[in-house]
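Notes to accompany the following structure.
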Amino acid sequence: MEIFTKVKEIKDFLDELRRDKLIGFVPTMGALHEGHLSLIKKCKEENDITVVSIYVNPTQFNDKEDFIKYPRMLDSDLEKLNKIGCDIVFCPDDKEMYPEKDERVFDFGGLDKVMEGKHRPGHFNGVAQIVTKLFDIIKPHRAYFGKKDFQQLVIIKFLVKNLNIPVEIIGCPTVREDDGLAMSSRNMLLNEEERKVAVELSKMLFYVKDNYKNFKTLEEIYNFVYNHFEKIPLINLEYFEIVNDTNLQRINDIEKIGPGVTACIAAKVGKIRLIDNISFE
Ligand code: AMP
């Protein structure tokens with residue numbers, strides 16, 4: 001496994017390889033878990049060379065405390081990557097990624113005005129800054145993103161289309177713990193009690209998916225969900241939305257629930273912010 005920290009060095013190395021090899025890329029912020037590893041496994045199956053980046057990107061954090069607390073464990077990440085057969089790791093520092101302040105402002109055609117974008121101002125602009133920089137350095141043929149970050153996946157697909165970036169974006173299924181909680185690097189920040197109640201997020205998504213036909217209106221579903229979380233003091237629900245996968249707008253009729261529609265949830269469990277979603281396909 002080759003490990004690079006410098007932009008110029010990984011660029012030169014990949015420019016050589018790209019001539020006759022398919023390059024697959026998995027961008028991450030580290031603290032790797034089975035969710036990340038599933039993307040890497042898929043990338044390995046579908047490409048000649050798998051590149052993984054590990055970089056906690058400051059510009060996508062709107063909450064300073066979240067950025068400071070974000071788990072960083074490069075040594076154990078590198079061990080996992082080596083074991084799984086990753087070919088190339090890119091783990092730059094801030095000076096390498098942002099030698100100058102990045103002033104770029106991206107247009108997401110309104111996709112950033114709802115849910116995560118609404119609750120985390122500037123988040124997707126920061127994501128776009130780092131992802132476009134990484135795509136420019138790695139120039140992958142394919143890049144792998146988790147459906148766990150559903151809105152991010154939709155926005156990245158929009159971005160590469162809009163900017164004509166020649167990369168195929170592949171969405172990968174959400175990997176869950178045995179009880180259903182979506183795997184996340186932030187889960188390790190939960191204490192025992194918080195970890196126990198965190199499962200309520202995925203439980204609610206599965207419940208709504210299995211039982212939406214028992215409700216008469218969307219409003220009934222929203223009331224049910226909000227009332228449920230009112231009763232759990234450790235959970236502070238930020239939003240629950242049932243949206244159209246293409247424009248991320250709330251659907252306006254319960255009859256529209258079905259393929260092409262996704263239920264998304266975000267909540268703080270204690271001080272830790274978690275998100276999850278489920279598709280009605
Ligand atoms: P992160 O390190 O959180 O930025 O995530 C890196 C990539 O892994 C993103 O494309 C995420 O959507 C994806 N990812 C994170 N958690 C999971 C999960 N539980 N299942 C599948 N993919 C995931």
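For the list (1) farther than 30 Å from residue 92 by Cα; (2) touching a strand residue (DSSP E or B) at 6+ places or on another chain (Cβ under 9 Å), I need the number of the one condition that residue 219 fails.
Evaluating residue 219 over (1) farther than 30 Å from residue 92 by Cα; (2) touching a strand residue (DSSP E or B) at 6+ places or on another chain (Cβ under 9 Å) leaves (2) as the failure.
Only one residue in 178, 276 is open to solvent by 20 Å² or more (accessible area, probe 1.4 Å), modelled with pLDDT of 95 or more and not in a helix (DSSP H, G or I). Which one? Please lay out each step first, then the result.
Working: 276 fails: open to solvent by 20 Å² or more (accessible area, probe 1.4 Å).
On inspection, the qualifying residue turns out to be 178.
Any chance region 216-238 includes a residue that's modelled with pLDDT of 95 or more, within 16 Å of the ligand (Cβ to nearest atom) and part of a loop (DSSP other than H, G, I, E, B)? Reasoning before the result, please.
Going through region 216-238, the residues modelled with pLDDT of 95 or more turn out to be 216-238.
From what's left, within 16 Å of the ligand (Cβ to nearest atom): none.
No.
What do you reckon, is residue 242 in contact with a helix residue (DSSP H, G or I) (Cβ under 8 Å, 6 or more places away or on another chain) and assigned to a strand (DSSP E or B)?
Details: in contact with a helix residue (DSSP H, G or I) (Cβ under 8 Å, 6 or more places away or on another chain): yes; assigned to a strand (DSSP E or B): yes.
Yes: the conditions hold for residue 242.
Tell me, please, whether a residue that is in contact with an Asp or Glu (Cβ under 6 Å, 6 or more places away or on another chain) and either at negative phi or free of Cβ contacts under 8 Å to residues at least 24 places away in the same chain (or both) can be found in region 75-91. Steps first, please.
Pass one, region 75-91, residues in contact with an Asp or Glu (Cβ under 6 Å, 6 or more places away or on another chain): 88.
Subset that is either at negative phi or free of Cβ contacts under 8 Å to residues at least 24 places away in the same chain (or both): 88.
Looking for residues that are in contact with an Asp or Glu (Cβ under 6 Å, 6 or more places away or on another chain) and either at negative phi or free of Cβ contacts under 8 Å to residues at least 24 places away in the same chain (or both), one finds at least one in region 75-91, hence yes.
Kindly provide the set of residues from region 15-46 that are more than 16 Å from the ligand (Cβ to nearest atom) and either touching a Phe, Trp or Tyr at 6+ places or on another chain (Cβ under 9 Å) or in a loop (DSSP other than H, G, I, E, B) (or both), ordered by number.
Initial filter on region 15-46 (more than 16 Å from the ligand (Cβ to nearest atom)): 15-23.
Residues satisfying the conditions are 18, 19, 20, 21, 22.
Just to be sure I understand, how many residues within region 155-175 are open to solvent by less than 30 Å² (accessible area, probe 1.4 Å) and either touching a Lys or Arg at 6+ places or on another chain (Cβ under 8 Å) or over 25 Å from residue 49 (Cα atoms) (or both)? Reasoning before the result, please.
Quick first cut of region 155-175, residues open to solvent by less than 30 Å² (accessible area, probe 1.4 Å) only: 155-156, 159-160, 167, 169-172.
Those left that are additionally either touching a Lys or Arg at 6+ places or on another chain (Cβ under 8 Å) or over 25 Å from residue 49 (Cα atoms) (or both): 155, 167, 169-172.
Of the residues in that region, 6 qualify.
Which pairs have Cβ atoms under 7 Å, sit 6 or more apart or on different chains, and link a residue in region 172-187 that is under 23 Å from residue 44 (Cα atoms) and without any contact (Cβ under 8 Å) to a residue 40 or more places away in the chain to one that is in a helix (DSSP H, G or I) and more than 7 Å from the ligand (Cβ to nearest atom)?
176/202
Based on this model, can you work out whether residue 54 counts as within 16 Å of the ligand (Cβ to nearest atom), hydrophobic (A, V, I, L, M, F, W, C) and either free of Cβ contacts under 8 Å to residues at least 40 places away in the same chain or open to solvent by 30 Å² or more (accessible area, probe 1.4 Å) (or both)?
Values: within 16 Å of the ligand (Cβ to nearest atom): yes; hydrophobic (A, V, I, L, M, F, W, C): yes; either free of Cβ contacts under 8 Å to residues at least 40 places away in the same chain or open to solvent by 30 Å² or more (accessible area, probe 1.4 Å) (or both): yes.
For residue 54, the condition - within 16 Å of the ligand (Cβ to nearest atom), hydrophobic (A, V, I, L, M, F, W, C) and either free of Cβ contacts under 8 Å to residues at least 40 places away in the same chain or open to solvent by 30 Å² or more (accessible area, probe 1.4 Å) (or both) - is met.
Give the residues of region 59-114 that are β-branched (Val, Ile, Thr), in a loop (DSSP other than H, G, I, E, B) and surrounded by fewer than 18 Cβ atoms within 10 Å (Cβ to Cβ), sorted by residue number. It would help to see each step written out before you state the result.
First, pick out the residues of region 59-114 that are β-branched (Val, Ile, Thr): 59, 68, 84, 88-89, 105, 114.
With in a loop (DSSP other than H, G, I, E, B) added as a condition, the list becomes 105, 114.
Within region 59-114, just 105 meets the criteria.
State which residue is most open to solvent (accessible area, probe 1.4 Å) when the search covers only region 134-152 and only residues that are in a helix (DSSP H, G or I) and more than 7 Å from the ligand (Cβ to nearest atom).
So in region 134-152, the residues in a helix (DSSP H, G or I) come out as 134-138, 147-152.
When the remaining residues are screened for being more than 7 Å from the ligand (Cβ to nearest atom), the result is 134-138, 150-151.
Working: 134: 9, 135: 11, 136: 83, 137: 13, 138: 0, 150: 26, 151: 10 Å².
Per the criteria, the residue is 136.
The values are calculated or read from the model by the stated rules, or taken from the named source; none is laboratory data. Quantities reported herein were computed from a predicted structural model and do not represent experimental measurements. Positions of Cβ are generated from backbone atoms using ideal geometry, with glycine treated the same way; all protein chains shown enter the neighbour counts. What goes into the accessible areas is simple: the full protein's heavy atoms, side chains included, and nothing from ligands, DNA or RNA. Shrake-Rupley method; radii C 1.70, N 1.55, O 1.52, S 1.80 Å.
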